[in-house]
Every structure is written in structure tokens, then in C-alpha cells.
Amino acid sequence: MSEPTTIFDEIFTCLRADRLLGDPRATGKGIRVAVIDSGVERAVLEAKFAARGTPIESIEGAVFRPGDPKPHPYDGKQSSPHGTTVADVILTVAPKVKLYSADVFGPQGSCEVEAVIAALRHAIEVWNVKVVNLSLGVPEHKLLQLPRRNLLFKAIEEAYFRDVLVFAAAHNEHPFTRSYPAVFSPPLISVDKALFADPLHFEYHLRESIEFQAHSRGYLGPFAHEPATSWAAPHLAGIAARILSLKPDLKPFEIKTILYWMFRAGE
């Protein structure tokens, strides 16, 4: 009989990042991803990847405003460069995903909890996404009312039970400043910032409810090279999309376990 260490060595070999992410099928193909953010400049991203010879699927989306029960049509524009940078990170890591843009900011430059909840539910029920990226934060003072906080947590929990993987960026001043929904971990996956030579590298260190650290520089936009959790979350979301393209029926807890053991295997 093999020794347990030998068995685990074999498991770790299978879960190494170079083996999983190096598989030519691990491109994100067939995986739907929602970016709940400030909107995505569709033409900019389509032109960028077409020039590289790796055209992307057409980006679809909707605009969500507090107090409005129905989403507004998506015109392929952004309300700030933030959402485009986030989407670009995901497409750089997993170029074959089908991307959906949920604009929850608008011209006012801030988002409300109700708009985020509406966008999340629309992404699950209408777009049938498998991955959601939330590179945004709702400060604690906006969620002092327990019912509002519970509504957001319930929406995140519903995503989990519908087998949708949600990634949320920690506050850039974590752990000194907390923001939602990143603190709702589990059921979502929270991501802090770090810098790695390989942008596909990530680490797991649980600290004040934040679990993972991923590469925190982007590739497009005026603030992309400033390290930020906003760019770290989509790096890990893109990595998850690549894994899911190898086995799309994986559950959120299975993906989280694979990510954890990928980190352990690379130690």
C-alpha cells in the first residue's frame, strides 16, 4: 500500500497551476462571467483583442439604478474606466469567456446596495453566469441598517446555492478598513492585493475574513498599474473561469478547494 504522503504528492501534482492552467482547453470557453461595476467600454476591448489576433465574444450587459425595478439597456459604454480595466483583466487571463457588464454606478460615480443586489440576481437568473466579479465595496456606514446588510448577504448566499462563484475585492486598506461584500466570506471568495512576477500566481492566507491574495496590477486604463484589490479580484476570477472551462459543473466550494490546493501544491 502506498504511503499517505505519496498519495498526496500525486494529488498535488494533478493540482499544480502549471498543469491545470497550462491545459490548452483552459481558456474560459463556455463560461459566462458577469462584471458588476461601472460599465465596460465594449469597443475598446473588442479592438484590443482583435488587434492581438484573439477576438473576444460580443460583450452584453445592462444598467441598474436604485429604485428602478427594470434594468436599462446596455449601450457598450462605461460610466468610468474602472469597469473596463476589470473586464480587461478577466479577458486577459481567460480570453474565451462570455462577458456580461452590469453597470451599477452611473454618472453619479457611486453605487447603492439595491442596485448591486438587482444586478447580481439578474446575472444569475437571466444571464445564467457561472462567475461574478465584484471589484467594488459598499462602506460599512451604508450598511449600518441590519435589514440592508441582510439583503445583500442573502443575495450572495443565493448565488452560492445556485452554484455561482462570486469574487469580491477587499478594501484597499484592509484590514484597517472593512467593506462589503468582501467580508461575507464564505460564501463568496474574498481577494486582497499582492504583486507577483507571474500574474497567474496567487496565495492563500486567511486574514480578517479575506482569504486569497492575487496579482493587483491591470493592463488597460489610467490607473491599471497602481496596485489595487480591484485588479486582484478579476485575476482570481479569470483563473477560476479557466478551471471551470475544464469542468463546468464544479460547485463553488469545489473551485475554492481546488484554488487552495493549487496554492499548497506550489509552495
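We did not get these values from a lab; they are worked out from the coordinates using the rules stated. Keep in mind that this is a model prediction, so the values were computed, not measured. Here the Cβ is made from the backbone with ideal geometry for all residues, glycine too, and neighbour counts use every protein chain on show.
Key figures
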| read-out | value |
| --- | --- |
| For the chain, alpha-carbon Rg and Dmax in angstrom | 17.7, 65 |
| Net charge of Cβ neighbours under 14 Å - reference Ala123; Lys, Arg +1; Asp, Glu -1 | -1 |
| Where trypsin sites (Lys or Arg not before Pro) in DSSP loops with at most 12 other Cβ within 10 Å are excluded, longest remaining stretch of the chain | 53-267 |
| Surrounding net charge for Thr27, when Lys and Arg each add one and Asp and Glu each subtract one, Cβ distance under 11 Å | +3 |
| Assigned charges on the beta-carbon of Lys, Arg, Asp, Glu; the chain dipole about Cα centre (debye) | 440 debye |
| Residue among Val93, Pro73, Ile156 farthest towards the positive dipole end of the chain, charges placed on Cβ | Pro73 |
| The chain - percent relative contact order, Cα under 8 Å, separation 6 or more | 23 percent |
| Sorted by Cβ neighbour density within 10 Å, fewest at the top, the residues Cys14, Cys111 | Cys14, Cys111 |
| Debye, to nearest 20: dipole size of segment 151-265, +1 on Lys, Arg Cβ, -1 on Asp, Glu Cβ | 120 debye |
| Helix-only mean residue ellipticity at 222 nm for the chain, each DSSP H run of n ≥ 4 adding -39500 (n - 2.57), per residue, nearest 500 | -11500 deg cm²/dmol |
| Ranked Val44, Val93, Val164, criterion: other C-beta atoms within 10 Å, fewest first | Val44, Val164, Val93 |
| Net +/- balance of residues flanking Glu254 in space, Cβ distance below 13 Å, scoring K and R +1, D and E -1 | +2 |
| Computed over segment 186-267: relative contact order in percent, which uses C-alpha pairs under 8 Å that are six or more apart | 26 percent |
| Cα-Cα separations in segment 112-267 greater than 25 Å, expressed as whole percent | 26 percent |
| Cα centroid separation - segment 67-124 against segment 26-45, whole Å | 9 Å |
